[in-house]
Amino acid sequence: MDAAPHSVNDPDGRRVVFDAGTRLHLALNHPWALVNDQLILATVENPDYREDDPIAGRERFYRRHVLDPRRWLRVVVDFGDRPGWIVTAFVQDVDPRRGLR
């Protein structure tokens with residue numbers, strides 16, 4: 001993967017980048033995600049579910065995990081700057097829609 005930032009538009013048309021800061025965070029905390037940048041960007045572009053993050057100005061985008069549909073990829077985006085930027089991405093076991101049932 002090259003070092004140039006990758007970007008997509010979220011469903012609201014806001015530009016979101018996967019940049020050097022995203023890469024550094026993922027390299028230190030979730031290195032598996034560095035080879036999945038296109039899946040991370042696709043989650044922002046076309047999420048299965050989304051919700052506000054507890055930190056103001058951030059939003060969570062979710063997509064069912066491709067290899068295990070019981071798990072979810074969560075991507076956190078900070079919209080405090082323009083363009084928005086991907087803060088982190090990780091896989092979780094808990095269905096984010098649990099409170100909607």
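We did not get these values from a lab; they are worked out from the coordinates using the rules stated. Note that the coordinates shown come from a computational prediction; the quantities given were computed from them, not determined experimentally. All Cβ positions, glycine included, derive from the backbone under ideal geometry; neighbour counts span all protein chains shown.
Some points to look at:
- For the range 72-88, filtering for residues that are more than 15 Å from Ser7 (Cα to Cα) and either part of a helix (DSSP H, G or I) or within 12 Å of the chain's Cα centre (by Cα) (or both) leaves 3.
- Residue list for the range 50-73, restricted to those being touching a helix residue (DSSP H, G or I) at 6+ places or on another chain (Cβ under 9 Å) and aliphatic (A, V, I, L, M): Val66, Leu73
- Condition check for Arg23: closer than 17 Å to Asp78 by Cβ and in contact (Cβ under 8 Å) with a residue 24 or more places away in the chain: no
- Residue, nearest to Leu34 (Cα to Cα), within the range 77-96, restricted to residues that are without any contact (Cβ under 8 Å) to a residue 60 or more places away in the chain and surrounded by fewer than 17 Cβ atoms within 10 Å (Cβ to Cβ): Val91
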